[in-house]
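Below you'll find the structure I mean.
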Amino acid sequence: MKYARPRGRVGVWVVIATLGFSAGFSSRIIAQQTNDATFRLLSFEIAGSGARLGTTRGDGDQDIVDIHNAITYLYRTGAAADLTLPAIPIDMQALIEAGDVPIRAARSLHDRVTALRESGDFEEPGGARRVFYPPGSVRYLPPVMAPSKVLSLAGAYQRAQPDGTPGAWDNVEYPSFFFKSPASLTGHEADINLWGLLTTGVHEPEFAIVIGRTARAVSASEALDYVVGYTIMNDVSSRDLPQGSHPVQGGSMSKSLDSFTPLGPYLTLKEDVPDPNRMEIIGVIDGERHDWPVPNGNTSFLTFSVEEIIAYLSERMTLLPGDVIATGVPQPTMTFAEGQLVEITIGNLGTLRNRVVSAPIPGHTPIPPRVVSEDD
């Protein structure tokens with residue numbers, strides 16, 4: 001595969017039997033981009049209960065199903081007399097590693113228990129066994145909570161010419177990547193914290209790929225076979241964080257503060273995303289939509305396709321299930337400050353929403369720069 005030319009286009013297991021199943025964001029500004037029927041996987045928790053595996057449909061307007069409480073309910077009430085399921089892992093990472101069969105089972109289970117409730121034959125057990133949660137009652141976690149790698153592209157989109165028309169591609173020989181710390185991940189509706197260390201941040205809406213199985217030196221033609229689905233990432237950046245100036249530091253420090261990688265709200269399966277290379281990207285701050293200058297706010301303007309990105313990375317490192325690859329941001333990026341609400345909608349992936357705060361570590365005094373005199 002050649003990269004020198006840009007494209008000419010614009011866990012723990014819960015075991016249940018063996019198988020036999022059929023395999024308010026800114027609506028004032030823009031119409032919702034999602035299909036109400038789109039199936040979603042997510043990670044969530046209730047009052048510190050620990051991560052739960054959930055499913056829903058739509059974009060925050062339908063209840064969330066606690067998958068393992070749903071399994072328990074169906075079997076305890078006898079509603080699963082004609083239903084058999086494979087083992088469904090209890091967390092997202094293990095589910096991704098387990099592959100297509102349990103993922104399809106989770107979708108079937110969601111639809112089964114939802115239909116049961118709609119028929120009037122469901123009685124919510126509540127408490128620790130609750131099956132359905134209103135979307136506003138849960139704490140959203142990053143869909144994938146502990147990937148081995150979080151990577152993001154830099155300079156990934158076609159640039160505008162001076163007259164505003166589409167022009168040159170950036171970094172055309174090879175894709176340019178940097179790492180973000182997985183510890184910087186946070187979820188939908190969580191705060192982005194500036195920590196009192198900086199005054200502004202940069203809002204970078206990015207289409208993100210989630211790897212589904214181990215990929216090493218795969219070709220572009222087979223790359224999507226290694227994808228489980230897609231999500232939204234805000235590659236929050238700092239432009240005024242006090243830090244070292246050595247070139248090897250790059251953007252890793254300014255992009256990896258705690259909370260600087262909002263991810264979610266959902267994992268949308270690849271079969272529900274017809275063309276990852278044609279996804280509209282919308283960034284909003286305090287209800288005001290950002291206008292890309294070309295406009296190039298669409299993955300169709302990526303210098304390298306989603307398939308080429310995966311092939312390039314897998315040639316240089318082994319990609320593991322759950323790894324997150326963010327495909328970069330159209331230019332220019334958007335600056336935000338404490339108190340603002342930042343939102344991202346990408347294609348049919350839903351809407352990722354986070355509030356910006358600045359809450360310094362209690363009792364901490366920021367470390368001043370070392371002053372070196374000519375005599376030192």
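If you average the sequence gap of Cα pairs under 8 Å that are 6 or more apart and divide by the length of segment 142-357, what percent do you get for the contact order? Don't skip to the answer; put the middle values down first.
Numbers: 540 pairs, mean separation 73.9, N = 216.
In percent, rounded to a whole number, it is 34.
Here's something else I'd like to know. Taking the Cβ of L116 as the centre, find all other residues whose Cβ is under 14 Å away and add up their charges (Lys, Arg: +1; Asp, Glu: -1). Walk me through the intermediate numbers first.
Values: positive: R76, R112, R117; negative: D63, D82, D111, E118, D121, E123, E124.
Residues near L116 contribute -4 overall.
Rank these for me by crowding, E204, E118, E189, going from fewest to most other beta carbons within 10 Å. Write out the running numbers ahead of the final one.
On the way: E204 22, E118 9, E189 18.
Ordered by Cβ neighbours within 10 Å, fewest first: E118, E189, E204.
Based only on other Cβ atoms within 10 Å, what is the fewest-to-most ordering of S373, S152? If you can, show how the numbers build up before the last one.
Details: S373 5, S152 25.
Ascending number of Cβ neighbours within 10 Å: S373, S152.
Can you pull out the GluC sites (Glu not before Pro) in segment 333-376 whose DSSP state is coil and whose Cβ has at most 13 other Cβ atoms within 10 Å? Working shown, then result.
On the way: sites: E338, E343, E374; in loops: E338, E374.
Those satisfying the criteria are E374.
Taking neighbour counts of Cβ atoms within 10 Å as a proxy for exposure, in what order, fewest first, do M233, M253 appear? It would help to have the intermediate numbers written out before the result.
Values: M233 28, M253 14.
Going from sparsest to densest Cβ surroundings: M253, M233.
Explain nothing, just compute: Karplus ³J(HN,Hα) = 6.51 cos²θ - 1.76 cosθ + 1.60, θ = phi - 60°, for every residue of segment 59-64 in order, whole Hz, x for Gly and Pro.
Coupling constants for segment 59-64: 10, x, 9, 10, 4, 9 Hz.
Also: Can you tell me the order of 62-70, 267-275 when each peptide is scored by its average per-residue count of other Cβ atoms within 10 angstrom, highest first? Intermediate values should be presented prior to the final figure.
Values: 62-70: 22.4, 267-275: 18.0.
Result, highest mean Cβ count within 10 Å first: 62-70, 267-275.
Follow-up. Amide H to amide H, which residues 5 or more places from S219 or on other chains are under 5 Å from it, using H placed in the peptide plane?
none
Sticking with this structure for a sec: Could you go through segment 314-320 in sequence order and give the Karplus-derived ³J(HN,Hα) for each residue, using 6.51 cos²θ - 1.76 cosθ + 1.60 with θ = phi - 60°, rounded to whole Hz, and x for Gly and Pro?
5, 6, 10, 7, 6, 8, 10
Apply the Karplus curve 6.51 cos²θ - 1.76 cosθ + 1.60, θ = phi - 60°, to the phi angles in segment 104-121 and return the couplings in whole Hz, x for Gly and Pro.
5, 5, 4, 5, 5, 5, 4, 5, 5, 6, 5, 5, 4, 5, 5, 6, x, 9
Every number here is computed from the coordinates shown, using simple stated rules; none is lab data. Keep in mind that this is a model prediction, so the values were computed, not measured. No Cβ is skipped: glycine too gets one built from the backbone with ideal geometry, and neighbour counts run over all protein chains shown.
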